[in-house]
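A.B. asks: What follows is a single structure, and I will ask about it in a moment.
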């Protein structure tokens, strides 16, 4: 998977917000799995009481699903 060519502009911007930098190269399945974990950790670090976790899941759900599909 190449983050620069396989992700939409919006998804690239979203992952950059949480610290994942995209380069124009093929990423290994292990790297993609690491990115999935970073997104998951970010989502679960937010408060569920005030709805931040649910909002983040709505925002990052699509890109997280892309990574999960490509880590296998």
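A.B. asks: Note the angle between two axes, namely the Cα long axis of helix 52-70 and the longest principal axis of the Cα atoms of the chain, as a number of degrees from 0 to 90, rounded to the nearest 10.
C.D. replies: 20 degrees
A.B. asks: Just one of (i) 33, 11, 7; (ii) 18, 14, 11; (iii) 22, 12, 10 is semi-axes √(5λ) of the Cα gyration tensor in Å calculated from these coordinates, so which is it?
C.D. replies: The calculated read-out lines up with (iii).
A.B. asks: Enter the angle in degrees (range 0 to 90, nearest 10) between the Cα long axis of helix 29-44 and the first principal axis of the Cα atoms of the chain, meaning the one along which they spread out most.
C.D. replies: 10 degrees
A.B. asks: Still on this structure: In whole Å, how far is the Cα centre of the range 24-41 from that of the range 58-72?
C.D. replies: 10 Å
A.B. asks: Do the sum for the chain: with -39,500 (n - 2.57) for every DSSP H run of n ≥ 4, divided by all residues, what is the mean residue ellipticity at 222 nm, to the nearest 500 deg cm²/dmol? Mind dumping the intermediate values first?
C.D. replies: Details: 4 runs with 48 residues, N = 72.
The per-residue figure over the chain is -20500 deg cm²/dmol.
Each reported figure results from applying straightforward, stated rules to the coordinates on display, with no laboratory input. Only a predicted model underlies this, so the values are computations on that prediction, with no experimental measurement involved.
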